[in-house]
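Engineer: One structure, pasted below without further comment.
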Amino acid sequence: MRVRPISPDLLVTELAERLARTGAPGRLRVAVDGPPAAGPDVFAEALVDPLRAAGRPVLHVRAEDFLRPASVRLEHGRTNPDAYYEGWLDEPGLRREVLDPAGPDGSGRLLPSLWDADADRASRAAYVDLPPGGVVLVSGALLLGGSLPFDVTVHLVLSPAALARRTDPELRWTLPAFARYAEEVDPAAFADVVVRADDPRRPALVEAA
């Protein structure tokens with residue numbers, strides 16, 4: 001493998017160009033996976049305008065808007081890393097409302113958010129019609145290695161030291177979950193695009209030699 005340093009702006013440009021050239025039956029379903037410290041939501045949002053400029057309709061969906069209700073999510077406490085790893089994300093809801101409708105036989109009628117975790121109630125968002133040829137960017141943590149059907153997977157990876165250093169102190173309890181994810185799933189081994197993001201000002205692309 002070869003690690004190629006790249007500027008943040010050029011990284012967005014290159015990935016947007018790659019996604020714009022990628023076809024898929026129905027709509028293109030893209031995962032932007034990474035811990036909060038890597039900024040997957042910010043990175044996905046940066047791709048929206050370049051993709052639209054390239055003629056691809058885009059919808060950005062945040063995984064944190066598809067969490068399970070607090071009664072289920074916090075059953076084992078608010079800081080349980082195993083529960084965070086195994087059961088915070090409502091994967092069936094994300095499939096039903098976003099990924100399946102964006103798939104080859106889907107209607108293109110997508111729900112941009114399902115649950116307001118702060119208010120602990122349904123978000124009551126309106127459905128959005130994404131036309132054929134559109135791109136749906138799903139950003140968040142722990143998205144890969146499960147049952148979610150993505151056409152392209154992007155993984156933002158941090159070294160354990162960088163992850164510990166850049167994680168908000170209030171979220172440090174999640175670190176064992178990300179260690180488990182790296183060991184059990186190892187998304188950096190199979191993601192279509194792997195970005196080293198130890199320093200957000202100096203990312204690097206991991207490429208086949």
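Engineer: Considering the range 48-63 alone, what residues qualify as being closer than 26 Å to ARG165 by Cβ and either of a type in the set (A, V, I, L, M) or buried (at least 19 other Cβ atoms within 10 Å of the Cβ) (or both)?
Structural biologist: The answer is ALA63, and nothing else.
Engineer: Considering VAL128, VAL195, VAL136, which residue is touching a strand residue (DSSP E or B) at 6+ places or on another chain (Cβ under 9 Å) and over 24 Å from PRO25 (Cα atoms)?
Structural biologist: VAL195 is the lone residue from the list that is touching a strand residue (DSSP E or B) at 6+ places or on another chain (Cβ under 9 Å) and over 24 Å from PRO25 (Cα atoms).
Engineer: Test of understanding: among VAL32, VAL3, which residue is crowded, with 18+ Cβ neighbours inside 10 Å, in a strand (DSSP E or B) and β-branched (Val, Ile, Thr)?
Structural biologist: That would be VAL32, the only listed residue that is crowded, with 18+ Cβ neighbours inside 10 Å, in a strand (DSSP E or B) and β-branched (Val, Ile, Thr).
Engineer: Check the range 159-173 and report whether any residue there is surrounded by fewer than 16 Cβ atoms within 10 Å (Cβ to Cβ) and in contact with an Asp or Glu (Cβ under 6 Å, 6 or more places away or on another chain).
Structural biologist: Checked the range 159-173: at least one residue is surrounded by fewer than 16 Cβ atoms within 10 Å (Cβ to Cβ) and in contact with an Asp or Glu (Cβ under 6 Å, 6 or more places away or on another chain).
Engineer: Let me ask something else about it. Given the structure, is ASP129 within 25 Å of ARG78 (Cα to Cα), of a type in the set (Asp, Glu), modelled with pLDDT of 95 or more and loosely packed, with under 15 Cβ neighbours inside 10 Å?
Structural biologist: For ASP129, the condition - within 25 Å of ARG78 (Cα to Cα), of a type in the set (Asp, Glu), modelled with pLDDT of 95 or more and loosely packed, with under 15 Cβ neighbours inside 10 Å - is not met.
Engineer: Still on this model: Can you confirm whether the range 60-80 contains a residue that is closer than 20 Å to GLY26 by Cα and modelled with pLDDT of 95 or more?
Structural biologist: yes
Engineer: Of the residues that sit in the range 64-89 and are acidic (Asp, Glu) and in a helix (DSSP H, G or I), which one is surrounded by the most Cβ atoms within 10 Å (Cβ to Cβ)?
Structural biologist: Ranking the candidates gives ASP65 first.
Engineer: Take the conditions closer than 16 Å to VAL152 by Cα and open to solvent by less than 60 Å² (accessible area, probe 1.4 Å) and apply them to ALA37. Does it pass?
Structural biologist: Here the answer is no, as ALA37 does not meet what is asked.
Table: residues versus (1) under 18 Å from the mean Cα position of the chain (by Cα); (2) under 30 Å from MET1 (Cα atoms).
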site	(1), (2)
ASN80	no, no
GLU91	yes, no
GLY108	no, no
GLY133	no, no
GLY140	yes, yes
LEU156	yes, yes
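Engineer: Restricting to the range 164-209, name every residue that is among the hydroxyl-bearing types (Ser, Thr, Tyr) and either in a helix (DSSP H, G or I) or without any contact (Cβ under 8 Å) to a residue 40 or more places away in the chain (or both).
Structural biologist: Result: THR174, TYR181.
Engineer: Which one is farthest from GLU14 (Cα to Cα), of the residues in the range 42-63 that are assigned to a helix (DSSP H, G or I) and aliphatic (A, V, I, L, M)?
Structural biologist: Among those that are assigned to a helix (DSSP H, G or I) and aliphatic (A, V, I, L, M), it is ALA63.
Engineer: If you scan the range 90-114, which residues turn out to be in contact (Cβ under 8 Å) with a residue 24 or more places away in the chain and open to solvent by 50 Å² or more (accessible area, probe 1.4 Å)?
Structural biologist: GLU91, ARG95, ASP100, PRO104, ASP105, listed by residue number.
Engineer: Considering the range 116-131 alone, what residues qualify as being of a type outside the set (A, V, I, L, M, F, W, C), in contact (Cβ under 8 Å) with a residue 12 or more places away in the chain and outside any strand (DSSP E or B)?
Structural biologist: Once the filter is applied, which keeps residues that are of a type outside the set (A, V, I, L, M, F, W, C), in contact (Cβ under 8 Å) with a residue 12 or more places away in the chain and outside any strand (DSSP E or B), the range 116-131 yields ASP120, SER123, TYR127, PRO131.
The values are calculated or read from the model by the stated rules, or taken from the named source; none is laboratory data. Computed from a predicted model, the values in this text were never measured in an experiment. In this analysis, Cβ positions are derived from the backbone assuming ideal geometry, glycine residues included, and neighbour counts consider all displayed protein chains. Side chains included, ligands, DNA and RNA excluded: accessible areas come from the protein's heavy atoms. Shrake-Rupley method; radii C 1.70, N 1.55, O 1.52, S 1.80 Å.
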